[in-house]
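As structure tokens, the structure follows; a few thoughts come after it.
What follows draws every value from the coordinates through simple rules; no lab data is involved. Note that the structure is predicted; figures quoted are calculated from it, not measured. No Cβ is skipped: glycine too gets one built from the backbone with ideal geometry, and neighbour counts run over all protein chains shown.
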Amino acid sequence: MNKVVLITGAAGGIGSAIALKLAQSGYDVVLNYLSSETKALELKEKIIEEYKVRCLAIKADVSKEDEVEAMFSLIEKELGGVDILINNAGIDHPDMFYRKNAEDFRKILDVNVVGAYNCANEAYKHMKEKEYGRIINIASTNGINTYYPMCFDYDASKAALISLTHNLAIQFSPYVNVNAIAPGFIGTEKELEGYDEEFLKQESEKILVKRYGRPDEVASLVKFLISDEADFINNSIIRIDGGQAGSC
């Protein structure tokens, strides 16, 4: 029986790349989405048709406990439970510092941090019973040493997600490995939208390899971290940024 992977925010650039990579590797995949239904359903059909694995697409707001509980109940019923959780769902709203407010801040934290907690909390019930589990939180270099006032709330949420990673690793040991990946500038469609060529060139110059990353490179790192070969990697934050130096 294939291991079952739940990917939150699976319809986006990094999420869909992870889903395709893991389906190609023989994992059964659950695609969580909220607003991108068309993309999620298209991705589901592609995975089933091309890789012949089981695949579900489930709409759920990860920041809401009841919706997360319902999602995990459905996965349990249809696929037998979640063996591997990829907390990828995340939002950001770049804007001038003085235009933001506490409500905006709370919304970012609810999705990016509370959402990850909600999913990890539900996933652990099955993982503990099976005495096996992998959780990967998709954080960001914005939560480590890259700061920008227009996305201070996003930066804070990713720093909190890194802290959550450490605490969950301790709480869920010894059967569940919990790690985080901190991508730098990854060239997803959403990330590149609205940027002119000059800006992208300037940002690339801040990276030692002189280019921005690709979603499939993040997916490859996820694939390794959930594999048996990475069994001794736990409670770690792994950057994937090409040697980034100070960009937003």
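Highest average first, the peptides 96-106, 50-60, 9-19, 202-212 ordered by how many other beta carbon atoms sit within 10 Å of their residues are 9-19, 50-60, 202-212, 96-106. Secondary-structure-derived ellipticity at 222 nm for the chain, considering helices only, amounts to -14000 deg cm²/dmol, per-run term -39500 (n - 2.57) for DSSP H runs with n ≥ 4. For the chain, take the longest principal axis of its alpha carbons; what is the angle in degrees between that and the long axis of helix 37-51, to the nearest 10 within 0 to 90? Roughly 60 degrees, rounded to the nearest 10. The Cα-based radius of gyration of the stretch 124-168, divided by its Kirkwood radius, gives an Rg/Rh of 1.17. The simple Förster model, with R0 at 22 Å and r as the Cβ-Cβ distance, assigns residue 202 and residue 97 a FRET efficiency of 0.55.
Modelled spin-label separation between residue 1 and residue 189, with each label point placed 7 Å from Cα along the Cα-to-Cβ direction: 3.5 nm. The stretch 66-103 and the stretch 211-248 have their alpha-carbon centroids 20 Å apart. Here the scattering of the chain is modelled by Debye summation over its C-alpha atoms, one equal scatterer each and no solvent; at q = 0.10 Å⁻¹ the log10 of I(q)/I(0) is -0.45.
Basic side chains Lys and Arg get +1 at the Cβ, acidic Asp and Glu get -1 at the Cβ, and with that the dipole of the chain about its Cα centre reaches some 400 debye. Extending 7 Å from the Cα toward the beta-carbon at both residue 245 and residue 70 defines two label points whose distance is 5.1 nm.
Computed from the C-beta positions of residue 59 and residue 107 and an R0 of 22 Å, the FRET efficiency is 0.75 to the nearest 0.05.
The amide H of residue 54, built 1.01 Å from its N in the peptide plane, has 29 as neighbours under 5 Å, considering only residues 5 or more places off or on other chains. Using alpha carbons only, the radius of gyration of the stretch 51-99 set against its Kirkwood radius gives Rg/Rh = 1.15.
A Förster radius of 35 Å combined with the Cβ-Cβ distance from residue 77 to residue 38 puts the calculated FRET efficiency at roughly 0.90.
On full extension, the segment bounded by residue 128 and residue 228 gains 34.2 nm, given 0.36 nm per residue less the C-alpha separation. The GNM of the chain, with springs linking C-alpha atoms under 10 angstrom apart, assigns the highest mean-square fluctuation among 22, 34, 200 to 200. Of 202, 63, 7, which is farthest towards the positive pole of the stretch 4-240's charge dipole, taken about the Cα centre with +1 and -1 on the beta-carbons of Lys, Arg and Asp, Glu respectively? The Cα lying farthest towards the positive end belongs to 202. Treating the angle as unsigned and between 0 and 90°, give the value, to the nearest 10°, between the Cα long axis of helix 215-225 and the longest Cα principal axis of the chain. The angle comes out near 50 degrees. Each listed q (0.11, 0.15 Å⁻¹) maps to a log10 I(q)/I(0) for the stretch 131-212, found by the Debye formula over equal Cα scatterers with no solvent: -0.40, -0.66.
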